[in-house]
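Engineer: Okay, handing you the structure first.
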């Protein structure tokens, strides 16, 4: 009986528009572009509202796939989720994680990596960071689990989401229609969008009751969180693009994913636990990072939230990236800043994909 099989390529990039490594992998037959369902990557922008490297990288990738598949970009957008996270502070190395799925002769003797994709509708500016985003995200995560053939929430180990943010133009467009947005602070809108999206994951997976995942809870009720959500906000889209990663006995191949939760930014033991559980060769590492809202890490004061020159998300990526690089022995890590409702306050989930 045939089964689906996941394949993951980790490719270094020389800049936001660099698709040479992926193009070479396609041309050399290492990957069939028709099997690509998601691309997740790190670019060296500032990771803030005006980080246009994310959109630049996304467009470059879509144009490459459109060329190789001889399809318009609009068709690529219906079938491939592209999640680019800005910010490679510290030693983080820019790269792409290319997720593919094709057919395997038979299912493996044990659960293997399964990949599902989900897309929400586009959000109106006044819906970003509010209840409609929570609801739509929960529905899309459920659809992505079905797409992956993952029946149980306990088999989901990481949910990567790219979500929109508010710009001044979007805020003014809503105002002209008589609608008020959740905030007029464009940087804060990133946190609200990430938080609403994460709560949507928590609702879909049964980690938080829907009745508690209210609009009032977004970026306020820090006790509510998902242990597997990773959300990244960007200016380059208006919908949520979702990649669900888990394990399924119905899949073949040789990849396995595991996860744990870092209790704070220096919780290296969480990464070590995942490494031990997954075993094999490390193929990809995905993690969240944030400056603890309490202003302390294990009783020691940090100044990440007081720095007016460098946003706290940038500090957090550098800190967590350094901690994880020391454990993994590699700087090609996907570390995304801003972990609102993604793990406990000041911490965040970490997932590792290994070849077993």
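Engineer: Spin-label point model (7 Å from Cα, Cβ direction): what's the residue 308 to residue 177 distance in nm?
Structural biologist: Placing both labels 7 Å beyond Cα along the Cβ direction yields 3.6 nm.
Engineer: Ratio of Rg to Rh for the chain, alpha carbon only, Kirkwood? Display every interim value, and only then the final one.
Structural biologist: On the way: Rg = 18.9 Å, Rh = 20.0 Å.
Using only Cα positions, Rg/Rh for the chain is 0.94.
Engineer: Over the chain, what is the relative contact order in percent, taking alpha-carbon pairs closer than 8 angstrom and at least six residues apart?
Structural biologist: The value is 23 percent.
Engineer: Could you tell me the distance between the Cα centroids of region 22-83 and region 243-262, to the nearest Å?
Structural biologist: Region 22-83 and region 243-262 have Cα centres separated by 22 Å.
Engineer: Here's another thing I want to ask about it. Just need the relative contact order of region 132-290 here, percent rounded to a whole number, with Cα pairs under 8 Å and 6+ apart.
Structural biologist: 32 percent
Engineer: Please compute the contact order of region 47-187 in relative form: average sequence separation of alpha-carbon pairs under 8 Å and at least six residues apart, divided by the residue count, as a percent. Intermediate values should be presented prior to the final figure.
Structural biologist: On the way: 101 pairs, mean separation 36.1, N = 141.
Reported relative contact order: 26 percent.
Engineer: Roughly speaking, what % of Cα-Cα pairs in region 183-229 are separated by over 17 Å, rounded to a whole number?
Structural biologist: Details: 284 of 1081 pairs.
In whole percent, the share of Cα-Cα pairs in region 183-229 beyond 17 Å is 26.
Engineer: What per residue convex hull volume, in Å³, do the alpha-carbon atoms of region 191-271 yield? Walk me through the numbers before you get to the answer.
Structural biologist: Details: hull volume 12.1 nm³, N = 81.
In region 191-271, the Cα convex hull volume per residue is 150 Å³.
Engineer: Now, a different point. What distance in nm separates the two pseudo spin-label positions at residue 330 and residue 121, each 7 Å out from Cα along the beta-carbon direction?
Structural biologist: About 4.1 nm separates the two model spin labels.
Engineer: Oh, and also: Normalised radius of gyration for region 114-258, please: alpha carbon Rg relative to 2.2 N^0.38 Å, two decimal places.
Structural biologist: Working it through for region 114-258, the quotient is 1.06.
Engineer: For region 1-42, with equal point scatterers placed on the C-alpha atoms only and solvent neglected, what are the log10 I(q)/I(0) values from the Debye formula at q = 0.19 1/Å, to two decimals?
Structural biologist: One equal scatterer on each Cα of region 1-42 leads to -0.63.
Engineer: Something else now. Which order results if 324, 63, 92 are arranged by neighbouring Cβ count within 10 Å, fewest first? Don't jump to the answer; show the numbers that get you there.
Structural biologist: Working: 324 26, 63 14, 92 23.
Going from least to most buried by this count: 63, 92, 324.
Engineer: May I pose another question? How long is region 69-165 along each principal axis, judged by its Cα atoms, biggest number first, in Å?
Structural biologist: Here the Cα extents, ordered largest to smallest, are 48, 36, 34 Å.
Engineer: Sort 189-198, 32-41, 81-90 by packing, meaning the average of other beta carbons within 10 Å per residue, with the highest value first. Intermediate values should be presented prior to the final figure.
Structural biologist: On the way: 189-198: 29.8, 32-41: 20.8, 81-90: 25.4.
Sorting 189-198, 32-41, 81-90 by mean packing, highest first, produces 189-198, 81-90, 32-41.
Engineer: Shifting gears a bit: Test of understanding: express the Cα radius of gyration of region 260-356 as a ratio to 2.2 N^0.38 Å, with N the residue count.
Structural biologist: Numbers: Rg = 13.2 Å, N = 97, 2.2 N^0.38 = 12.5 Å.
Scaled against compact globular proteins, the figure is 1.05.
Engineer: Right, here's the next one. Just how far, in whole angstrom, is region 308-349 from region 92-128 if you go by their alpha carbon centroids?
Structural biologist: Taking the Cα centre of each part, region 92-128 and region 308-349 sit 21 Å apart.
Every read-out reported here was derived from the displayed coordinates using simple, explicitly stated rules and does not represent laboratory data. In this text, all values refer to a predicted model and were calculated from it rather than measured experimentally. Neighbour counts run over all protein chains shown; Cβ positions are idealised from the backbone, glycine included.
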